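Report on one structure; see the data block that follows.
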Amino acid sequence: MELSDSGLPPVQRVVTGHDASGRAVFKSEDISPTRMIPSGDASFLLIWTTPTVPADNNDETDGRHRDAGLTLDGGSVIRIVDMLPGKESPMHRTNSIDYGIVLEGEIELELEDGAKKAVRQGGIIVQRGTNHLWRNITDKPCRIAFILIEAPAYLHNGEPLPEDRPEHK
């Protein structure tokens with residue numbers, strides 16, 4: 001079993017669908033490691049994407065093979081992020097609603113004013129288009145499942161706040 005670049009185990013992905021009779025079937029299964037992103041602060045594994053919201057369950061494209069940056073305009077993304085010990089992401093904001101589920105370890109979420117919250121294993125973050133960064137202040141990798149769904153920009157005094165997102169593929 002090949003370990004992820006973070007040292008954590010690889011991720012099992014099981015995809016279901018339908019056969020010619022319309023019955024539920026397993027379409028695919030794979031086990032893949034996360035891979036280091038260019039900034040060197042985390043390793044990512046794209047699990048699935050949809051080009052639209054709501055999603056189209058008649059689209060037979062393997063969602064992992066769609067070109068997606070951090071988010072997918074008009075769609076949704078689920079990825080695993082292994083944040084490395086002592087590392088932090090850049091401060092960023094995306095036009096999406098993000099659900100982050102801490103699967104292993106602990107992560108610190110910092111907002112643009114310096115406010116911080118620790119989120120531990122089993123904790124869930126609902127990130128609503130705010131400017132933020134992630135920081136792992138522990139000596140172990142932190143694994144988070146992120147589900148990102150496109151959303152309009154937050155309006156402040158009637159003006160959309162600008163998106164500022166690093167591109168990680």
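The values are calculated or read from the model by the stated rules, or taken from the named source; none is laboratory data. Model, not experiment: these values are computed from the prediction. Glycine gets a Cβ as well: all are built from the backbone with ideal geometry, and neighbour counts include every protein chain shown. Just so you know, the surface numbers come from the protein's heavy atoms only, side chains and all, with ligands and any DNA or RNA stripped out. Shrake-Rupley method; radii C 1.70, N 1.55, O 1.52, S 1.80 Å.
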Could you give me the ³J(HN,Hα) list for segment 130-138, computed from phi with Karplus coefficients 6.51, -1.76, 1.60 and θ = phi - 60°, whole Hz, x at Gly and Pro?
-> 8, 6, 7, 9, 10, 9, 9, 9, 9
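Given a Förster distance of 25 Å, report the FRET efficiency between His92 and Asp62 from their Cβ-Cβ distance, rounded to the nearest 0.05.
Working: r = 27 Å, r/R0 = 1.10.
Approximately 0.35, to the nearest 0.05.
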In the chain, what percent of the accessible surface is made up of carbon and sulfur (1.4 Å probe, ligands and nucleic acids excluded)?
-> 53 percent
Would you mind computing Rg(Cα) / (2.2 N^0.38 Å) for the chain, counting N as its residues?
-> 1.08
The extension gain from Glu106 to Asp164, computed as 0.36 nm times the residue separation minus the Cα-Cα distance, is 18.4 nm
What is the distance, in nm, between label points placed 7 Å from the Cα along the Cα-to-Cβ direction at Lys116 and at Thr130?
-> 1.6 nm
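What FRET efficiency comes out for the pair Ala24/Asn157, r = Cβ-Cβ distance, R0 = 45 Å, nearest 0.05? Intermediate results must be reported in sequence, preceding the final value.
Details: r = 49 Å, r/R0 = 1.09.
Given R0 = 45 Å and the Cβ-Cβ separation, E is 0.40.
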Given the C-alpha centroids of segment 1-78 and segment 100-148, what is the distance between them in whole angstrom?
-> 21 Å
Got a sec to turn the phi values of segment 67-74 into Karplus ³J(HN,Hα) couplings, 6.51 cos²θ - 1.76 cosθ + 1.60 with θ = phi - 60°, whole Hz, x for Gly and Pro?
-> 6, 9, x, 4, 10, 10, 3, x
Whole-Hz Karplus ³J(HN,Hα) for segment 147-155, in order, using 6.51 cos²θ - 1.76 cosθ + 1.60 and θ = phi - 60°, x for Gly and Pro?
-> 10, 10, 10, 4, 9, x, 4, 5, 9
Show Leu111, Leu72, Leu3 ordered by accessible area, largest first, where the area counts protein heavy atoms only and the probe is 1.4 Å.
-> Leu3, Leu111, Leu72
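As an exercise, use a Förster radius of 30 Å and the Cβ-Cβ distance of Val14 and Asp73 to find the FRET efficiency, rounded to the nearest 0.05.
Details: r = 27 Å, r/R0 = 0.91.
Result of the calculation: an efficiency of 0.65.
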Ignoring the sites themselves, what is the longest stretch of the chain with no GluC sites (Glu not before Pro) in a DSSP loop and at most 16 other beta-carbon atoms within 10 Å?
-> 3-59
Got the relative contact order for the chain handy, in percent, Cα pairs under 8 Å and 6 or more residues apart?
-> 22 percent
Per-residue accessible area, 1.4 Å probe, largest first, puts Lys87, Lys117 in the order Lys117, Lys87
Per residue, what accessible area does segment 42-90 have, given a 1.4 Å probe and all protein chains present, in Å²?
-> 46 Å²
In the Gaussian network model of the chain, springs joining C-alpha atoms below 10 Å, which of Pro152, Pro51, Pro85 carries the largest mean-square fluctuation?
-> Pro152
